[in-house]
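One structure is given here, and the rest of the page talks about it.
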Ligand code: PMP
C-alpha cells in the first residue's frame, strides 16, 4: 500500500542500519492486545513491544495515571524528590526479597545493567562479571561484555574484559557442550579454569531466569539454586536480570521466586514504566552503597510520568492477579501448541508463562530459520504479529500482554497452525 511505503520511504534515508528491520509495518494505534498499522489493518500483538506492555496497549488505568502526571509535572531531575518515585520505591521495596533494599534508578534496561556491573565491581573489588551463552543484557559497551552472543560484539568495540560466557543449561535439556547440572564445580569450570583470570577476579554472574532475546529458553530447574551456591562459595554476586522476566511474565512476580532464591542484585525495566522507559538496580544496602555517592546518575532516570505509570502497573498486577493468571495461560498455550498436528513439521515449546517460544524442531526444508521467517510473515498476513528468536532463528516468540484473553491466545495458536500448514504445503 502507498501509506506503508511512504512511512518506510520517509524513515529509511536517515535510519541507522543498526536498528532497522525488514518488518516494514508502521504501527499507529494500540488497544489491549490489538494494534493497527497506518492502513488501518488490525493485528493481534504477541510482542507487547519487546515484552514491555504487560497490561496491553492503552490500559485505561495506566494512561489516566500518565495523563494526570503529565498535566502536573513531567521532569524535575534526580536532584529533587519526586512523589510518584517515592511511592513506587515503597512498593518495590515491599515486593523485593531484602530487609533493607536500596534502589538505583535508571532509564533503560541496558543502563541499569551498566549500573549493576559497577555495583558488583565496587562491592567486591573484583573486575569481571560473567554472563551465559544465549544471554542478553543489552548492547551498550559494558552490557555487551556479559551478553552471551559473540556476534553482537563482533566489529563494534574493543572489549576490555574477557567476555566469557558460561553454558546455560535449559529446561528442555538443550545442554551446550561442557554444561552439567551435577555439580557447582562443573558448572563454574569456565571460570575456575579460565586461562586469563580465576574465580578471585570474578565480581559476579549475571543471568536471566528465562532468556528472552536468546529465544525464550528457560533455565534448567535447579540452575538458580546452583548459581546461588556457587557464587556464595566463591565470593561472587548473583545478579539476576529480570528486565524481561520481571513483573509477572513468567507466572510469578519475579523469575527468581520460582526457585526461592534470593539474588544479590536484581535488574528491572521493561514492564515497570507501562510503556515509558524506567529501570533500576535493586539490592541490599551494603552492596548498593559500595558505589560512592553521585557516581551513577542519569538525567532522565525515574521520570515522574513513568513512575506514576509504574505505580498503576503494580496495582493492576496485584488486583487482577496477573502473575497467577499468566502461569495458567502459559500452560494453556503449551497445551494448544502440543495439539497442533502439521504433517512434516515438528514443534517444541520452550520458556515459561507468557514468555514462551514455539521452536520449529523439524521443517520440510533444511533451513528451519528461513522456514520460521516465512511462517511469521504468513501469521502477519493472517493478522498476528510475532517475532522470531533463538540461535538458529527457528523460534516463534509469544510475549503478549499478560492481559491477553483466552480467546485471543487460542486464536494466535490457530493462526500459527494455519501459517505452518500453508508454509509446509
Ligand atoms: N536485559 C534483558 C534480559 C533484556 O531482555 C533487555 C532488552 N531486551 C535488556 C537487558 C536491555 O534493555 P534495553 O533494551 O531497555 O536497554
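Below is a table of values for the structure above.
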{"quantity": "Relative pair counts by distance (%), Cα atoms of the chain, 10 Å bins", "calculated": "5, 21, 31, 27, 13, 2, 0"}
{"quantity": "Modelled FRET efficiency - R0 35 Å, residue 10 with residue 320, Cβ distances, 0.05 increments", "calculated": "0.35"}
{"quantity": "Residue order, fewest to most beta carbons within 10 Å, for 124, 63", "calculated": "63, 124"}
{"quantity": "Cα shape, the stretch 27-144, gyration tensor, a/c 1.5 rule", "calculated": "oblate"}
{"quantity": "Fewest-first ranking of 288, 55, 276, 294, using other Cβ atoms within 10 Å as the exposure measure", "calculated": "294, 276, 288, 55"}
{"quantity": "Over the stretch 100-144: Kirkwood hydrodynamic radius from C-alpha pairwise inverse distances, Å", "calculated": "11.4 Å"}
{"quantity": "Under 17 Å from the residue 19 label point (7 Å along Cα→beta-carbon), backbone N, the stretch 94-110", "calculated": "107-110"}
{"quantity": "Over the stretch 324-419 - Rg/Rh using Cα atoms and the Kirkwood inverse-distance radius", "calculated": "0.94"}
{"quantity": "Fully extended contour minus Cα-Cα distance, from residue 225 to residue 289, at 0.36 nm per residue", "calculated": "20.5 nm"}
{"quantity": "Overall form of the stretch 53-93 per C-alpha gyration tensor (a/c, 1.5; a/b vs b/c)", "calculated": "oblate"}
{"quantity": "Ratio of Rg to Rh over the stretch 73-319 (Cα coordinates, Kirkwood Rh, two decimals)", "calculated": "0.95"}
{"quantity": "Rounded, prolate or oblate (a/c below 1.5 giving rounded, otherwise prolate when a/b exceeds b/c) for the stretch 232-318 by Cα gyration tensor", "calculated": "oblate"}
{"quantity": "Difference of contour (0.36 nm per residue) and Cα-Cα distance, residue 262 to residue 331", "calculated": "22.3 nm"}
{"quantity": "Residue exposure sequence - 118, 270 - by fewest surrounding Cβ within 10 Å", "calculated": "118, 270"}
{"quantity": "Residue-span extension gain [residue 367 to residue 340] - 0.36 nm each, minus C-alpha spacing", "calculated": "7.6 nm"}
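Values quoted throughout were computed directly from the atomic coordinates according to the rules given, and no laboratory measurement underlies them. Since we're looking at a predicted model, the values are computed, not measured. Reconstructed Cβ throughout: ideal geometry from the backbone, glycine too, with neighbour counts over all protein chains shown.
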